[in-house]
Each structure stands twice: as structure tokens, then as C-alpha cells.
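The values are calculated or read from the model by the stated rules, or taken from the named source; none is laboratory data. Keep in mind the model is a prediction, meaning the values are calculated, not measured. All Cβ positions, even for glycine, are placed from backbone atoms using ideal geometry, and neighbour counts span all protein chains on display.
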């Protein structure tokens, strides 16, 4: 069984005791923690497994200087990395045009940088993902919420 499924089975009896309002507060707090954790992965330029992102490809034309900005520096802001939560679920992800860009990099798909550019196969760079750290984060956030109440 998956670690996240084990955690869900373990916490479900405690979760059932909470009112819908308390579950919604808990979901929002856990979602914020998860979004912060995902943002840290993106800032560190690391896949969830800890490996580094594949470097950018070198361009044949327009090599006027080195690109100084890290990949995905804007995509990790609250404007693009959204949190949706209610008493039943939590979702952290990208919305709109940014979601297409993130999906291309998440799965290593083919896309065009601009309309007139040729198709390019982008290497797989996992922007979002669950690790043992996130599972422990969910568990500790849940226990902290129960202790406060």
C-alpha cells in the first residue's frame, strides 16, 4: 500500500470526529504547508526525489549571455501555485495557462516555446510531488491541529 493511503487510514477515525468547519480549517492549514513545501522544491530546482532538474538546453542562436534567472522563478508564486480546499479535499496545483506549461515540464511532453518556434521535447522536471517529508508534514499538521483544539 502507498504511504499516503496508510496515513489516510490511520487518521480517518480522528478526522471523522471533527465538524465540517474544523475539517475545512485543517484542510486549509495542511494545504498551505504543502504549497510551501512544493515551493521549496521548485526554488531548490529539485525533483521531489531530491535529484536536480535537467539543465536548460543551449541555444544555437542568441547566445548573448548566460541566463541568470532560475527556471520557474515566477511559477511558484501564490498567483500561479493555487490552493483549493474544503472539508473533504485539498488540492495544490497550477491553474490557467501556467498549468499547461507546468504539465509539459512535469511529464516531459512536446510543446512550442512560441507560436512560430519548432516543436521541442522538454525534459521531465517534476514540479509537484509527494515525498515522505510531505507525508510527515501532513501528519504533524494534523496532530498539531488536534492538540490545539
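Output the residue which, of all residues in segment 3-19 that are part of a helix (DSSP H, G or I) and loosely packed, with under 11 Cβ neighbours inside 10 Å, is nearest to the chain's Cα centre (by Cα).
5
Here are 130, 142: which of them is at pLDDT below 90 and part of a helix (DSSP H, G or I)?
Just one listed residue meets the conditions, 142.
Restricting the search to segment 129-140, which residues are surrounded by fewer than 18 Cβ atoms within 10 Å (Cβ to Cβ) and touching a residue at least 60 places away in the same chain (Cβ under 8 Å)?
Hits for segment 129-140 are 129, 130, 131, 132, 133, 135, 137, 139.
Checking residue 18 against (1) in contact with a helix residue (DSSP H, G or I) (Cβ under 9 Å, 6 or more places away or on another chain); (2) at pLDDT 90 or above, which test does it fail?
For residue 18, the failing item is (2).
Between 69, 39, 100, 74, which is out of contact with any helix residue (DSSP H, G or I) (no Cβ under 7 Å at 6 or more places or on another chain), at pLDDT below 85 and within 27 Å of residue 123 (Cβ to Cβ)?
Going through 69, 39, 100, 74 in turn, the sole match is 69.
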